[in-house]
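**Student:** The structure under discussion is supplied below as structure tokens; questions concerning it will follow.
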Amino acid sequence: MKIVYITGCLGFMGSHATRRALQRGYMVRGIDKITYAANIELLEEFQTYSNFTFERTDIKDLKRLYDCDYIINFAAESHVGNSIVNSDEFIESNVLGVKNLLDLIRYKPTNCNERPILFHISTDEVYGDISHGAHVETDILKPSNPYSAAKAAGDMLINAWARTYDIKYIILRPTNNYGPGQYPEKLIPLSVKNLNRGKKIRLHNQGHPTRNWLHADDTAAAVLAIIDSGNINEIYNVAGSFEQTNAETVRKIIKAYFGTDKNWKQYVEFNAFREGQDVRYALNDRKLKNLGWQPQKNFDEEIQEIVNYYKNKFTW
Ligand SMILES: NC(=O)c1ccc[n+]([C@@H]2O[C@H](COP(=O)([O-])OP(=O)(O)OC[C@H]3O[C@@H](n4cnc5c(N)ncnc54)[C@H](O)[C@@H]3O)[C@@H](O)[C@H]2O)c1
């Protein structure tokens, strides 16, 4: 039986991983600061499991670590647009929060138990964009916006703490995630919310930017596959093997919403602009696939159900 901390357990991706870990019988201590992006309704679901406990705290302020095998760190400020407006909380959570977790592991007494492994969720954005081909794990990091710079800083701290203090780690770098339970600031839930409100969907840079889509449940499965492998001190990319322009994503959302994509452009404002916009992200995840992981969900098969979910679920 594994004992794991899952930070950001009430967020989008952390909740998918928490559900899978609980179903596997892991002892899970969920940690969440409960920011605007958290869904507190999830606590009711998770607390039906006798193997779940919860602590409301900021990872930056966590003072004590109970014995555990892994700290799986999903907690972060995750929205690029917010980071462009003000990056303070991004530095606090995505940099200083990671440093605190590293130091908690570093100072953990080892007389009774081994130090846990930090399993950190990073992002494809740390590499910056790529017009052709796909990034591999050894590529240099070249982030383009305050969010991705803070995430890259977190990855760098882990590399340094591993080398200097012998901290064991895994870094996982996923592409864009989709699925139920995402806060409506990200493309899919925000588009549906705008359609519900009769407002246009605002696409940055004419909708040309290209993203690779991965279901949050496939990301959760990737975390468990890496834990099962027993590998440590490795970086893994994880991609959905499914890329499309943001305009194409929005066309599919509109088709699922109305049952047709005829005249879909009338629901879209194409001239929104985002500073530092990355043109395309792409990851090579052969290293992870060599462990036997494969994505199980297909974007085109899932999108109808996901649009229905957001159509019927209002989130402030
Ligand atoms: N969403 C994506 O498409 C995507 C893609 C690649 C990587 N990631 C990374 O995956 C992780 C999870 O992303 P998400 O989309 O689920 O985020 P999210 O914004 O939906 O959820 C983040 C959760 O973490 C909590 N949190 C934030 N700061 C905290 C802190 N300092 N201490 C404790 N809890 C805190 C929030 O309350 C929330 O419940 C992030 O590290 C993000 O950088 C996300």
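**Student:** Out of curiosity, is Ala75 surrounded by 20 or more Cβ atoms within 10 Å (Cβ to Cβ), part of a loop (DSSP other than H, G, I, E, B) and within 15 Å of the ligand (Cβ to nearest atom)? Steps first, answer last, please.
**Tutor:** Values: surrounded by 20 or more Cβ atoms within 10 Å (Cβ to Cβ): yes; part of a loop (DSSP other than H, G, I, E, B): yes; within 15 Å of the ligand (Cβ to nearest atom): yes.
Criteria met by Ala75.
**Student:** Can you list residue pairs whose Cβ atoms sit under 9 Å apart, with the first residue in the stretch 113-133 being assigned to a helix (DSSP H, G or I) and the second being aromatic (Phe, Trp, Tyr) and modelled with pLDDT of 95 or more? Count only pairs 6 or more apart in sequence or on different chains.
**Tutor:** Close Cβ pairs satisfying both conditions: Glu125/Tyr147.
**Student:** Also, quick follow-up: Which one is farthest from the ligand (Cβ to nearest atom) among residues in the stretch 1-58 that are open to solvent by 70 Å² or more (accessible area, probe 1.4 Å) and under 17 Å from Ile71 (Cα atoms)? Please lay out each step first, then the result.
**Tutor:** The initial filter retains those residues of the stretch 1-58 that are open to solvent by 70 Å² or more (accessible area, probe 1.4 Å), namely 1-2, 20, 23-24, 27, 33, 36, 40-41, 44, 47-48, 50, 56.
Checking which are under 17 Å from Ile71 (Cα atoms) leaves us with 1-2, 20, 24, 27, 33, 56.
Values: Met1: 25, Lys2: 20, Arg20: 14, Arg24: 20, Met27: 19, Lys33: 3, Arg56: 9 Å.
Residue satisfying both the conditions and the ranking: Met1.
**Student:** State which residue is nearest to the ligand (Cβ to nearest atom) when the search covers only the stretch 228-242 and only residues that are at pLDDT 95 or above and open to solvent by 10 Å² or more (accessible area, probe 1.4 Å).
**Tutor:** First pass over the stretch 228-242, keeping only residues at pLDDT 95 or above: 228-239.
Checking the rest, the ones that are also open to solvent by 10 Å² or more (accessible area, probe 1.4 Å) come to 228-235.
Working: Asp228: 20, Ser229: 20, Gly230: 23, Asn231: 20, Ile232: 20, Asn233: 20, Glu234: 17, Ile235: 14 Å.
The selected residue is Ile235.
**Student:** Okay, next question. Within the stretch 203-219, can one find any residue that is touching a residue at least 60 places away in the same chain (Cβ under 8 Å), part of a loop (DSSP other than H, G, I, E, B) and within 16 Å of the ligand (Cβ to nearest atom)? Give the derivation first.
**Tutor:** Initially, the stretch 203-219 is screened for residues touching a residue at least 60 places away in the same chain (Cβ under 8 Å), giving 203-219.
Applying the additional criterion that residues be part of a loop (DSSP other than H, G, I, E, B) yields 208-209.
From what is left, the residues that are within 16 Å of the ligand (Cβ to nearest atom) are 209.
Yes, the conditions are met somewhere in the stretch 203-219.
Residues are listed down the side, and each one gets a yes or a no for (1) within 15 Å of the ligand (Cβ to nearest atom); (2) at pLDDT below 95:
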position: Tyr66; (1), (2): no, yes
position: Val80; (1), (2): yes, no
position: Val85; (1), (2): no, no
position: Asn113; (1), (2): no, yes
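**Student:** Please specify each residue of the stretch 276-297 satisfying the condition of being open to solvent by less than 60 Å² (accessible area, probe 1.4 Å), touching a residue at least 40 places away in the same chain (Cβ under 8 Å) and out of contact with any helix residue (DSSP H, G or I) (no Cβ under 9 Å at 6 or more places or on another chain).
**Tutor:** Of everything in the stretch 276-297, those that are open to solvent by less than 60 Å² (accessible area, probe 1.4 Å), touching a residue at least 40 places away in the same chain (Cβ under 8 Å) and out of contact with any helix residue (DSSP H, G or I) (no Cβ under 9 Å at 6 or more places or on another chain) turn out to be Arg280, Asn284.
**Student:** Among the residues of the stretch 6-58, how many are in contact with a Lys or Arg (Cβ under 7 Å, 6 or more places away or on another chain), within 21 Å of Val98 (Cβ to Cβ) and among the β-branched types (Val, Ile, Thr)?
**Tutor:** Residues that pass the stated criteria total 2.
**Student:** Within the stretch 269-316, how many residues turn out to be in a helix (DSSP H, G or I) and either at pLDDT below 95 or under 30 Å from Leu141 (Cα atoms) (or both)? Steps first, answer last, please.
**Tutor:** Taking the stretch 269-316 first, the residues in a helix (DSSP H, G or I) are 286-289, 299-312.
From the residues that got through so far, the ones that are either at pLDDT below 95 or under 30 Å from Leu141 (Cα atoms) (or both) too are 286-289, 299.
Total satisfying the criteria: 5.
The values are calculated or read from the model by the stated rules, or taken from the named source; none is laboratory data. In this text, all values refer to a predicted model and were calculated from it rather than measured experimentally. Every residue, glycine as well, gets a Cβ built from its backbone with ideal geometry; the counts of neighbours run over all protein chains shown. Just so you know, the surface numbers come from the protein's heavy atoms only, side chains and all, with ligands and any DNA or RNA stripped out. Shrake-Rupley method; radii C 1.70, N 1.55, O 1.52, S 1.80 Å.
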